[in-house]
Amino acid sequence: MKKFFGKKAPAEPAMAIDKSIYAQIKRAIEPDGLLSQKFHLGAEPQPGQICFAPGAMDGIILYHSGGGVDAALLTDLQQLTRQVTAGLDFAAAEAQLTACFERRAAKEKSHDKIVGSYDGMLGCIDALQEWILQNREELPPQPLFDFAVQVLRHSGSVGALKYALSVLELLAQAEGDWRGLLHTLALCDEFTLYCVFVARQWENANQEIWQMAQCARGWGRVHAVAELEPETSAIQEWLLDEGWRNGVLAAYSALQCTLKGDLAARLQRPDLTPEQLNAAAGLLAGLLDEGPLLGISDERLSDPAGLLGSFLAQARRLNYVIERELLQDIIGVAAEHGWPELQTQAESILADYPAAPEQEIGE
């Protein structure tokens with residue numbers, strides 16, 4: 001997106017808001033710089049309640065359902081944006097912004113056993129940003145920028161923070177300490193995607209996104225890996241070794257990591273280590289899991305049979321014991337796609353394995 005301005009951010013105006021999510025995240029950062037895995041946004045779910053993982057609803061929208069614009073929410077956000085740029089007191093504006101998402105949550109509430117809901121911001125980003133750009137002559141950027149930064153620092157509303165990050169994507173070239181707020185918020189998988197959107201506009205974008213990818217554990221890593229460019233060998237190696245490891249499913253990042261990290265080239269190395277081969281096994285298991293989305297069948301893979309064959313050959317060379325389930329998956333995909341040489345190669349390795357113990361009746 002085009003920027004409004006690029007000057008240094010001014011001192012922040014005062015706005016006292018309780019229950020700051022930013023402060024909660026900051027307090028939950030562990031000595032290793034990562035967010036505590038015990039951290040929860042809001043109250044912890046009670047026994048019997050279903051709680052979506054941080055970032056899961058946005059992930060579902062992006063990868064599965066496609067989402068859509070909530071017209072009522074968009075109208076509310078447009079009106080609020082206009083009021084902020086017209087001089088509305090920041091505290092009053094934040095209260096109105098929070099109310100926008102509370103109204104939506106009340107309307108969308110479906111079941112008492114489900115904790116949390118889709119806030120609707122992801123579906124509104126493009127339309128809101130387009131409206132701001134179309135009306136830029138009537139919307140002074142400075143008060144909007146100041147308000148967004150204050151919301152990041154003080155708001156206790158998930159939707160409000162996502163709104164602020166969406167606004168800051170348009171104003172991302174502004175310098176200042178506010179960028180540090182994003183480094184903290186990106187640690188929480190609920191906000192990593194939106195922080196990545198902003199960081200894409202920075203001069204060192206790819207390094208910033210890589211840092212966010214390394215520090216996120218779940219959906220945040222999935223989103224950051226999707227935006228990460230393999231511009232250095234260090235990034236390529238990380239994608240192959242760690243990029244696909246997340247708390248969701250390896251399948252969501254397996255194809256990205258395979259292509260960007262160039263797994264095919266790694267599996268041709270004569271000096272491939274057992275550790276690298278073990279990482280390749282996990283990555284290929286994700287690639288073969290095509291439940292969420294295409295992996296091994298994706299046409300962007302130029303020689304999937306050769307890729308799997310190289311893995312099997314390296315396993316032979318290193319006396320690496322491939323998990324039975326992975327071998328069986330390779331045999332299955334070879335039979336499905338008509339790759340007889342690969343199927344024979346995998347079956348010959350499986351034939352050398354000890355017989356699997358028989359399962360007792362009732363197990």
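Points to keep in mind about this one:
- At q = 0.07 Å⁻¹, base-10 log of I(q)/I(0) for the chain (Debye sum, equal scatterers on each alpha carbon): -0.38
- Integer Hz, Karplus 6.51/-1.76/1.60 couplings in order for the range 140-153, x for Gly and Pro: x, x, 4, x, 5, 4, 4, 5, 4, 5, 5, 4, 4, 6
- Rotationally averaged projected area of the range 231-352 (alpha carbon convex hull; nm²): 7.2 nm²
- Each Lys or Arg adds one and each Asp or Glu subtracts one; over the other residues with Cβ under 14 Å from the Cβ of Q78, this totals -3.
- The chain: most fluctuating residue of E169, E30, E190 per GNM, C-alpha cutoff 10 Å: E30
- Gaussian network model of the chain, Cα within-10 Å springs - most flexible of A265, A351, A224: A351
- Formal net charge of residues neighbouring C188 (Cβ-Cβ distance under 11 Å; K, R +1; D, E -1): 0
- Within a Gaussian network of the chain (alpha carbon springs, distance under 10 Å), most fluctuating of Q201, Q268, Q173: Q268
- Cα pair distances exceeding 25 angstrom across the range 106-236, given as percent: 28 percent
- Given charges at beta-carbon only (K, R positive; D, E negative), |dipole| of the chain in Debye: 1140 debye
- Taking every C-alpha pair closer than 8 Å and separated by at least 6 residues, the mean separation divided by the residue count of the range 231-352 gives a relative contact order of 22 percent.
- The chain: calculated mean residue ellipticity at 222 nm from DSSP helix runs of at least 4, using -39500 (n - 2.57): -16500 deg cm²/dmol
- Applying the Karplus relation 6.51 cos²θ - 1.76 cosθ + 1.60 with θ = phi - 60° to the range 51-60 yields 3J(HN,Hα) values of 10, 6, 5, x, x, 5, 5, 5, x, 5 Hz, where x marks Gly and Pro.
- Working from Cα pairs under 8 Å separated by at least six residues, relative contact order for the chain is 15 percent.
Rule-based calculations on the coordinates, nothing more; no lab input. Being a predicted model, the structure only gives us computed values, none of them experimental. Note that each Cβ is placed from the backbone with ideal geometry, even for glycine, and that neighbours are counted across all protein chains shown.
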